[in-house]
Amino acid sequence: MKRVGIVGFGHLGKYLYNRLIDDPNFKIVFIWNRSPIKDESIDKELILSNLEDFKNYKVDLIIEVAHPIITHDYGVRFLQHSNYVIGSPTALANQTLLDKLISTSIEFRSKIYVPCGAFWGANDIKKMATQQTLKGLKITMTKHQTSLKLEGELKEKLERMKVWDSSLILYEGPVRDLCHLAPNNVNTMAVGALSALNLGFDKVQACLIADPNLIDKHVIEIEVTGPFNEKLNQNFKCTTVRSNPAQIGHVTGNQTYDSFYYSLLETLSETKSSGY
């Protein structure tokens with residue numbers, strides 16, 4: 001039985017709590033949230049008021065589903081005491097942080113897990129990357145503008161739109177540069193960059209679109225380019241489109257909860273000793 005701490009108690013955190021609390025393979029020993037947890041059905045003894053006290057609980061696994069700042073501030077410390085599930089992998093676009101997390105996991109023999117969540121085809125893309133046959137990857141994410149929590153120039157660009165009568169391309173370029181501008185929204189893209197090992201955050205391309213017509217779903221298009229066939233004068237191509245039902249204004253689509261949970265279970269069944 002794995003002793004688990006959950007960091008973040010929003011929609012996904014609550015979903016994971018409800019799934020894990022009845023799973024005999026897990027024992028939840030603490031829950032932490034940035035704002036007070038008011039759910040009266042939660043055992044008060046499980047609520048951790050100060051995240052600095054996590055090390056007193058001797059957990060096997062810490063699951064972060066709060067915000068990438070948690071990995072920035074606590075990731076290294078978590079790995080010194082526990083295995084760590086990163087639910088906000090946009091934090092890993094910071095190469096210095098990623099390198100430090102990996103070196104810490106090796107030093108302390110802990111594991112870093114990044115569930116694929118809403119990213120479709122992660123295993124196939126990882127196989128192509130390992131074989132060096134992955135030549136290009138572009139991820140296009142389209143959401144209603146109220147589902148976007150943006151920072152910096154993208155936030156300003158969104159706020160300048162007073163009349164929404166058509167879609168707006170907010171960003172096109174490397175995934176790395178987008179992660180700090182949309183840290184809550186583009187975790188799927190970060191997973192793609194991690195899966196595409198030979199391309200990484202700088203070469204995987206991102207496109208973020210706000211669309212006022214998407215009132216009940218999020219749409220993610222993944223375009224994979226493979227090796228060039230000189231005889232036939234064309235590249236291998238594969239495009240998938242994922243339409244995920246989502247309430248207007250919600251950051252995460254409904255199916256992502258199940259995808260995250262089951263990819264978490266799948267990832268935990270792997271036997272890698274370190275890294276991601």
- prompt: Residue check: is HIS72 surrounded by fewer than 24 Cβ atoms within 10 Å (Cβ to Cβ) and not in a helix (DSSP H, G or I)?
  reply: no
- prompt: For residues in the range 99-111 being open to solvent by 10 Å² or more (accessible area, probe 1.4 Å) and at negative phi, which is modelled with the lowest pLDDT?
  reply: LYS111
Given (1) crowded, with 16+ Cβ neighbours inside 10 Å; (2) more than 17 Å from LEU268 (Cα to Cα); (3) over 18 Å from the mean Cα position of the chain (by Cα); (4) not basic (Lys, Arg), number of the condition PRO36 does not satisfy: (1)
message: Looking at the range 232-246, I want the residues that are over 18 Å from THR188 (Cα atoms) and have a partner that is open to solvent by 60 Å² or more (accessible area, probe 1.4 Å) and not in a strand (DSSP E or B) with Cβ atoms under 8 Å, at least 6 apart or on another chain. Which pairs are those?
response: ASN235/LYS135
field: Residue among GLY10, GLY5 that is closer than 27 Å to VAL175 by Cα and in contact (Cβ under 8 Å) with a residue 24 or more places away in the chain
entry: GLY10
- request: Could you tell me whether ARG77 is within 21 Å of the chain's Cα centre (by Cα), under 12 Å from GLY8 (Cα atoms) and open to solvent by 70 Å² or more (accessible area, probe 1.4 Å)?
  value: no
message: For the range 93-151, give me each residue that is within 19 Å of LEU181 (Cα to Cα) and of a type in the set (Lys, Arg).
response: LYS138, LYS143, LYS149
- line: Log entry, pairs with first residue in the range 196-215 being outside any strand (DSSP E or B), second being open to solvent by 30 Å² or more (accessible area, probe 1.4 Å) and of a type in the set (Ser, Thr, Tyr), beta carbons closer than 6 Å, six or more apart or on different chains, reads ASP211/SER167
message: For the range 240-260, check the following and say yes or no: at least one residue is open to solvent by 60 Å² or more (accessible area, probe 1.4 Å), touching an Asp or Glu at 6+ places or on another chain (Cβ under 7 Å) and among the hydroxyl-bearing types (Ser, Thr, Tyr).
response: no
task: State yes or no: is LEU214 open to solvent by less than 10 Å² (accessible area, probe 1.4 Å) and either in contact with a Leu (Cβ under 6 Å, 6 or more places away or on another chain) or of a type in the set (A, V, I, L, M, F, W, C) (or both)?
output: no
Qualifying residues in the range 112-125 (those that are under 16 Å from the mean Cα position of the chain (by Cα) and in a helix (DSSP H, G or I)) - the one surrounded by the fewest Cβ atoms within 10 Å (Cβ to Cβ): ASN123
task: From (1) within 28 Å of PHE201 (Cβ to Cβ); (2) of a type in the set (Val, Ile, Thr); (3) in contact with a Phe, Trp or Tyr (Cβ under 7 Å, 6 or more places away or on another chain), pick out the condition that doesn't hold for VAL4.
output: (1)
- prompt: Within the range 178-194, how many residues turn out to be in contact with a Phe, Trp or Tyr (Cβ under 7 Å, 6 or more places away or on another chain) and closer than 11 Å to LEU137 by Cα?
  reply: 2
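The values are calculated or read from the model by the stated rules, or taken from the named source; none is laboratory data. Bear in mind that the values here come from a model prediction, so they are computed numbers and not experimental data. Here the Cβ is made from the backbone with ideal geometry for all residues, glycine too, and neighbour counts use every protein chain on show. Calculation scope for accessible area: heavy atoms of the full protein, side chains included, ligands and nucleic acids excluded. Shrake-Rupley method; radii C 1.70, N 1.55, O 1.52, S 1.80 Å.
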